[in-house]
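Handing you this structure, nothing more for now.
The values are calculated or read from the model by the stated rules, or taken from the named source; none is laboratory data. The model shown is predicted, which means the values in this text are computed figures rather than measured ones. Neighbour counts are summed over all protein chains in view; Cβ atoms, including those assigned to glycine, are modelled from backbone coordinates with ideal geometry.
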C-alpha cells in the first residue's frame, strides 16, 4: 500500500515569511469567468491574475481567497486578494514521486530491484523517506546509487538493515541532477496547487526552491518552498 497523507494541503498554504512580514494579501484584477481556489499559484497575464502552469515564470504569488465563475463573472471586473510578498514561505502537497518497497539492504543501503535502471548515480542526492516496516520514520539523503545492483547508499546509517518490509518514497525524476531535496532549485508545478515530484529540474525551469521541511510535512507528502521565479524579486 502506498503512502497516503492524513491531510493534503489546500494548495500552497502560507506558512510564514523569512523576513517576518505579515502578508494579508493585495487586490488584483482577476481573469473573468475563471474559478480560483485559495492556495492556487498565480501569474499576471495581460494585467490580470491567471492560474500558474508548469515552468511558470514571473509568478505573482498565491491566491488568498476563492472565487467561483459566479462570483467572478465574465461581465464584471472582479478583484481578488493575492499573497504577493516574494519572501513568503509556503507548504504544499507533492505528487508523482517514487513509492516502492525494498528487496533487501543493509544499515547503509537500500536495495530495490523495481528501480530497474543501470545508470550509476541516477538517484544521487534524492530525499528518501521510509514510511513503513523496518526503519520506518527515517529520513535520509541518497549518497550514491549503483545501477547494476539497484542499490541506494544513504548519507547516514539506518538503525537496522533494510529488508522486504521497508516501504519508502524517493523525490525527483532523477537523472541529470533531477532529484529533489532541501535546497533543490527549479522544482516544478504539477498544476497550480500541487508540486510535481517527478519533473525534470536540471534545467532549473520550475519556479520553486525547496526549504528545510519538517518530518511531519514529508509524512503528509508536502514540502516547504519559496517562489524563486517571482515577479517582484527579479530572479
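Take region 124-149 and flag every residue that is touching a strand residue (DSSP E or B) at 6+ places or on another chain (Cβ under 6 Å) and in a loop (DSSP other than H, G, I, E, B).
Selection gives 124, 125, 126, 133, 136, 138.
Does region 172-184 contain any residue that is modelled with pLDDT of 95 or more, assigned to a strand (DSSP E or B) and either closer than 30 Å to residue 66 by Cβ or not assigned by TED's automatic domain parsing to the domain that holds residue 84 (or both)?
No, every residue in region 172-184 fails to be modelled with pLDDT of 95 or more, assigned to a strand (DSSP E or B) and either closer than 30 Å to residue 66 by Cβ or not assigned by TED's automatic domain parsing to the domain that holds residue 84 (or both).
Free of Cβ contacts under 8 Å to residues at least 60 places away in the same chain, touching a helix residue (DSSP H, G or I) at 6+ places or on another chain (Cβ under 6 Å) and at negative phi: which single residue out of 149, 100, 118, 66 fits that description? First the steps, then the outcome.
On the way: 149 fails: touching a helix residue (DSSP H, G or I) at 6+ places or on another chain (Cβ under 6 Å); 100 fails: free of Cβ contacts under 8 Å to residues at least 60 places away in the same chain; 66 fails: touching a helix residue (DSSP H, G or I) at 6+ places or on another chain (Cβ under 6 Å).
Of 149, 100, 118, 66, the one residue that is free of Cβ contacts under 8 Å to residues at least 60 places away in the same chain, touching a helix residue (DSSP H, G or I) at 6+ places or on another chain (Cβ under 6 Å) and at negative phi is 118.
Which condition number in (1) out of contact with any helix residue (DSSP H, G or I) (no Cβ under 8 Å at 6 or more places or on another chain); (2) part of a loop (DSSP other than H, G, I, E, B); (3) surrounded by fewer than 20 Cβ atoms within 10 Å (Cβ to Cβ) is the one that residue 209 fails?
Single failed check for residue 209: (2).
Next up: Would you point out the residue of region 1-29, among those that are in a loop (DSSP other than H, G, I, E, B) and touching a strand residue (DSSP E or B) at 6+ places or on another chain (Cβ under 6 Å), that is surrounded by the fewest Cβ atoms within 10 Å (Cβ to Cβ)? Lay out the reasoning, then the answer.
Looking only at region 1-29, we keep the residues that are in a loop (DSSP other than H, G, I, E, B), and these are 1-12, 18-25.
In the following step, the residues that additionally are touching a strand residue (DSSP E or B) at 6+ places or on another chain (Cβ under 6 Å) were identified as 2-3, 8-9, 12, 23, 25.
Working: 2: 12, 3: 17, 8: 15, 9: 22, 12: 30, 23: 18, 25: 18.
It comes out as 2.
Another question about this same structure. State the number of residues belonging to region 92-105 that are exposed (fewer than 15 other Cβ atoms within 10 Å of the Cβ) and outside any strand (DSSP E or B).
Qualifying residue count, region 92-105: 1.
Filtering region 154-175 down to residues that are closer than 29 Å to residue 205 by Cβ and over 18 Å from the mean Cα position of the chain (by Cα), which residue is surrounded by the fewest Cβ atoms within 10 Å (Cβ to Cβ)?
Per the stated criteria, the residue is 155.
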